[in-house]
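See below for the structure under consideration.
Since every read-out is calculated from the coordinates, none of them should be taken as a lab result. Nothing here was measured: the structure is a model prediction, and the numbers come from that model. Glycine gets a Cβ as well: all are built from the backbone with ideal geometry, and neighbour counts include every protein chain shown.
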Amino acid sequence: MRTATLTTGEKLPIGKILCIGRNYVEHIKELGNEAPAAPVIFMKPASSVIGHGEEVVIPAYSDNCHHEAELALLVGKSSKNISEEEALSCLAGYGVAIDLTLRDVQDELKQKGLPWDIAKGFDTACPLSEFVPAGKVADPQDLVITMRVNGELRQNCSTALMIHTSAKIISHLSEIFRLEPGDIILTGTPAGVSRVAAGDLLCAEIGGVGKIAVRVKN
């Protein structure tokens with residue numbers, strides 16, 4: 001069973017991994033997508049999670065895997081229909097995730113109007129850091145996300161530029177799903193996504209939250 005680990009040592013079994021797409025304007029533009037009126041939601045299985053220092057395995061059915069660095073939210077309290085004003089109170093912690101995406105597979109399936117789960121939910125598709133306790137983060141909309149590949153800066157953006165804030169995302173999701181302890185929410189990626197290849201070292205970091213570094217298997 002995959003677990004989410006707080007820096008205090010507490011562990012929670014991972015439940016649902018709820019992900020938000022198209023949540024930064026510049027990222028929407030770089031992929032040529034339309035800006036959504038409501039959060040775009042997809043899911044990853046818990047089996048896609050790997051930790052710091054582990055290896056990413058790109059499936060043989062893809063030749064174009066992209067990195068997407070994101071702020072991750074860890075739910076600590078069961079919540080349903082929670083208001084935006086109260087939403088952050090249900091969190092146990094904040095972490096860093098890399099949403100690995102098989103862009104070629106995703107694009108092909110989108111063109112056919114088909115679900116793209118296999119482009120987002122493959123084994124090792126969700127590198128995930130430890131979580132800092134929620135009380136340690138004063139404002140989740142005042143954080144800087146960076147992504148480096150082999151030391152080269154690829155993504156560098158403030159969470160202030162999210163279209164839908166963390167609180168709004170939590171509230172919206174809770175209208176659809178009961179949020180339960182151990183659920184993880186990925187809040188979307190900023191611009192700068194790009195292809196990764198065998199041997200690459202990926203390092204995503206959020207100041208005051210943590211970092212996750214993984215290597216793509218040769």
Among A191, P127, G207, the residue whose Cα sits farthest towards the positive end of the charge dipole of the chain, when +1 is placed on the Cβ of each Lys and Arg and -1 on the Cβ of each Asp and Glu, is P127
For the Y61, E34 Cβ pair and Förster radius 35 Å, calculated FRET efficiency rounded to 0.05 is 0.80
Options [x] 0.98; [y] 0.93; [z] 1.28 are given for Cα Rg over 2.2 N^0.38 Å, and the computed one is [y]
For K120, counting only aspartates and glutamates whose alpha-carbon sits under 15 Å away and dropping same-chain residues fewer than eight positions off, the answer is D63, E68, E70, D99, D104, D107, E108
Violations at 26 Å Cα threshold for listed pairs K77/K136; K168/K211; K77/K217 -> K77/K217
Once both label points are put 7 Å beyond Cα along the C-beta direction, the L201-E54 separation in nm becomes 2.0
Taking alpha-carbon centroids only, region 123-201 lies from region 78-111 a number of Å equal to 8
Any lysines whose Cα falls less than 18 Å from that of K29, other than same-chain ones fewer than 8 residues away, would be K110
Quick calc: nm separation of the 7 Å Cα→Cβ label points for D139 and T3 -> 3.5
The set of residues whose placed amide H lies less than 5 Å from the amide H of A4, leaving out same-chain residues fewer than 5 positions away, is L12, I14
With the label point 7 Å along the Cα-to-beta-carbon line of V25 and a cut-off under 17 Å to each amide N, the hits in region 43-78 are none
